[in-house]
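Okay, structure first, notes after.
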Amino acid sequence: MAVAIRGARGGGSGGVGAGFRSFFSYRIFVSAMFSLLFIATATVLLSTRPSTTHQHSRFRSGGNAYMHRTFVALNSDPLKTRLDLIYRQANDHITLVKAYAAYARKLKLDISRQLKMFDDLAKNFSDITSKPRYKSSLFETNGNLDEDVLRQFEKEVKDRVKFARLLIAESKENYDNQLKIQKLKDTIFAVRELLGKAKKNGAFASSIAAKSIPKSLHCLAMRLVEERISHPEKYKEDLPKSEFEDPDLYHYAIFSDNVIAVSVVVRSVVKNAEEPWKHVFHVVTDRMNLAAMKVWFKMRPVEGGAHVEVSALEDYKFMNSAYVPVLRQIESAKQIFYLEHKMENATKDGSNMKFRYLEHMSMLNHLRFYLPEMYPKLHKILFLDDDVVVQKDLTGLWKIDLSGKVNGAVETCFGSFHRFSQYLNFSHPLIRERFNPKACAWAYGMNIFDLDAWRREKCTETYHNWQNLNVDWALWKSGTLPPGLITFYSLTKSLDKSWHVLGLGYNPSISMDVINNAAVIHYNGNMKPWLDIAMNQYKNLWTKYVDNDMEFLQTCNFGV
């Protein structure tokens with residue numbers, strides 16, 4: 001039992017001592033391991049450090065090279081940090097230049113000069129360190145760097161960097177598609193602006209030329225008036241002829257203040273008529289040109305026995321502001337113009353449509369809507385503009401069955417062009433509810449009117465109603481065609497296109513076959529045949545009907 005007790009005590013004290021010895025042994029082991037790990041790490045770092053010569057023997061790329069050089073620079077000469085920054089800048093531009101050179105090869109464009117410059121520049125960057133001075137003083141030295149040499153090295157690198165940037169900026173337009181697209185868009189936008197301005201200026205100049213009275217025409221009118229004053233006995237008023245009201249004859253209505261234009265229309269009709277003595281012309285002008293128009297037809301009687309009645313707009317007593325809406329609008333616009341606006345401000349106000357379109361409200365233009373009142377005893381009448389030339393006998397127009405319609409006219413629409421939507425404001429509910437925007441428009445200038453159907457359909461009243469509704473220009477803007485389309489909507493019969501060919505005053509591409517086959521050709525547009533701006537290829541079709549034997553034409557040097 002005693003042995004057992006001692007053994008037990010000895011065992012207890014021995015276990016405690018063994019625990020302490022194990023603890024101290026573990027600490028010693030861990031310390032030894034950390035010491036070995038530190039020594040191994042230091043050995044690896046020292047053994048893997050490259051020589052200065054190898055490091056700077058060439059420009060290297062990659063993040064590892066940069067981190068390693070920075071570590072070395074921080075533990076050595078401070079100028080090496082500066083050298084390292086120069087190295088990075090040069091290396092970045094070498095990469096960029098090589099990229100552009102590669103892209104240039106891929107594009108296969110005619111850029112041999114730029115491609116050679118890219119290659120040479122990349123080579124120059126790489127060869128900088130090969131210079132003996134830099135090689136010995138910067139890249140193969142184990143001591144401190146020479147600051148003067150480093151400064152010179154930096155200057156050369158920066159010069160090449162500057163040249164590289166200029167070359168890249170110049171080449172961007174060739175290689176950067178987005179830049180090329182944007183530049184092209186800018187160019188297109190600028191050209192469109194210039195084109196728009198040129199079109200506006202051209203239209204304005206053309207409009208002025210078209211509305212101006214040529215010196216020769218003014219001279220002709222003055223000579224005719226002078227003739228009337230000098231020889232009043234020759235130009236006494238004639239009594240009205242019975243033919244002027246005979247419904248069995250062929251009647252024409254021509255409203256104009258242009259003497260020479262009216263004479264050409266009348267002469268061309270008569271020369272192509274099979275029975276000219278059956279043709280009656282009702283010429284209406286303004287008071288200023290009435291004398292000149294009468295003297296012309298007295299001095300140059302119409303051939304073939306045709307009849308010409310010349311009257312003034314003022315002779316029709318129903319043409320007053322109480323009855324005619326357009327006259328009221330003209331008077332109202334004039335009052336606003338003179339009472340509420342100064343001249344300079346009114347002319348600058350492009351949005352004031354009343355002033356802008358006063359010229360289009362000339363009553364000679366709107367007189368066409370009063371044909372039944374002007375000629376109450378007639379059943380049919382052919383309306384002709386003063387800028388037309390007749391090339392064939394027109395009596396066939398009176399024989400066309402209009403099927404109860406009021407107006408016989410040639411339609412002008414093709415595709416989406418010349419539809420009602422181009423002349424009327426379909427955003428307005430009154431227009432939108434009553435008319436079809438795709439309805440085909442027709443041409444004024446040669447229209448055969450059934451005056452009996454006109455009276456039956458009360459077309460003049462229709463015209464008045466719509467003209468009153470358009471007092472603020474909300475339904476249409478100007479001219480006589482829009483109210484004509486409205487007045488004769490569903491009351492117009494389409495005629496064969498050979499009766500009336502348009503566009504000789506603006507379209508140079510009309511086929512001569514089409515023109516020669518036409519009964520009436522129309523110089524609608526600004527390039528009227530009596531103006532210097534007329535198109536030469538069509539002018540002779542008009543001038544051949546000018547009465548060149550008229551002495552005043554020669555006196556006034558009428559350039560035809």
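Residues that are open to solvent by less than 40 Å² (accessible area, probe 1.4 Å) and of a type outside the set (Asp, Glu) within the range 450-461 comprise 451, 453, 454, 459, 460, listed in sequence order. The residues in the range 509-559 that are of a type in the set (A, V, I, L, M) and open to solvent by 70 Å² or more (accessible area, probe 1.4 Å) can be counted, and the count is 2. Apart from one condition, residue 484 fits all of (1) closer than 30 Å to residue 330 by Cα; (2) in contact with a strand residue (DSSP E or B) (Cβ under 9 Å, 6 or more places away or on another chain); (3) assigned to a loop (DSSP other than H, G, I, E, B); the exception is (3). In summary, residue 538 fulfils each of the numbered conditions (1) within 26 Å of residue 409 (Cα to Cα); (2) assigned to a loop (DSSP other than H, G, I, E, B); (3) under 30 Å from the mean Cα position of the chain (by Cα) with the single exception of condition (2). Among (1) under 29 Å from the mean Cα position of the chain (by Cα); (2) open to solvent by 40 Å² or more (accessible area, probe 1.4 Å); (3) on the phi > 0 side of the Ramachandran plot, where does residue 473 come up short? Result: residue 473 fails condition (2) only. Free of Cβ contacts under 8 Å to residues at least 24 places away in the same chain and either within 20 Å of residue 329 (Cα to Cα) or open to solvent by less than 70 Å² (accessible area, probe 1.4 Å) (or both), is that true of residue 447? When the stated conditions are applied, residue 447 does not pass them. The set of residues in the range 509-535 being β-branched (Val, Ile, Thr) and in a helix (DSSP H, G or I) consists of 514, 515.
Would you check if residue 506 is buried (at least 19 other Cβ atoms within 10 Å of the Cβ), among the aromatic types (Phe, Trp, Tyr) and in a loop (DSSP other than H, G, I, E, B)? For residue 506, the condition - buried (at least 19 other Cβ atoms within 10 Å of the Cβ), among the aromatic types (Phe, Trp, Tyr) and in a loop (DSSP other than H, G, I, E, B) - is not met.
Taking residue 485 as the residue in question, decide whether it is crowded, with 19+ Cβ neighbours inside 10 Å and farther than 28 Å from residue 327 by Cα. Against the criterion (crowded, with 19+ Cβ neighbours inside 10 Å and farther than 28 Å from residue 327 by Cα), residue 485 does not qualify.
Here's a check for you: in the range 210-243, which residue that is of a type in the set (Val, Ile, Thr) and at pLDDT 90 or above is surrounded by the most Cβ atoms within 10 Å (Cβ to Cβ)?
225
Residue count for the range 504-535, restricted to those that are under 30 Å from the mean Cα position of the chain (by Cα), under 30 Å from residue 398 (Cα atoms) and among the small types (Gly, Ala, Ser): 3. Scanning the range 192-209 for residues that are surrounded by 11 or more Cβ atoms within 10 Å (Cβ to Cβ) and either in contact with a His (Cβ under 8 Å, 6 or more places away or on another chain) or polar (S, T, N, Q) (or both) gives 206, 207. Hey, any hits in the range 273-283 for a residue that's closer than 30 Å to residue 232 by Cβ, buried (at least 20 other Cβ atoms within 10 Å of the Cβ) and aromatic (Phe, Trp, Tyr)? Looking through the range 273-283, at least one residue is closer than 30 Å to residue 232 by Cβ, buried (at least 20 other Cβ atoms within 10 Å of the Cβ) and aromatic (Phe, Trp, Tyr).
All but one of (1) open to solvent by 20 Å² or more (accessible area, probe 1.4 Å); (2) modelled with pLDDT of 95 or more; (3) more than 26 Å from residue 467 (Cβ to Cβ) hold for residue 394, so report the exception by its number. Here residue 394 clears every test but (1). Looking only at the range 401-441, residues that are of a type outside the set (A, V, I, L, M), assigned to a strand (DSSP E or B) and open to solvent by less than 10 Å² (accessible area, probe 1.4 Å) come to 2 in all. For the range 298-341, the candidate set comprises residues that are open to solvent by 60 Å² or more (accessible area, probe 1.4 Å) and in contact with a Ser or Thr (Cβ under 8 Å, 6 or more places away or on another chain); within that set, the residue that is modelled with the highest pLDDT is 300.
The values are calculated or read from the model by the stated rules, or taken from the named source; none is laboratory data. Since this is a predicted model, take the numbers as computed values, not measurements. Positions of Cβ are backbone-derived with ideal geometry, glycine not excepted, and every protein chain shown enters the neighbour counts. Quick note on the areas: whole protein, heavy atoms, side chains included, nothing else; ligands and nucleic acids left out. Shrake-Rupley method; radii C 1.70, N 1.55, O 1.52, S 1.80 Å.
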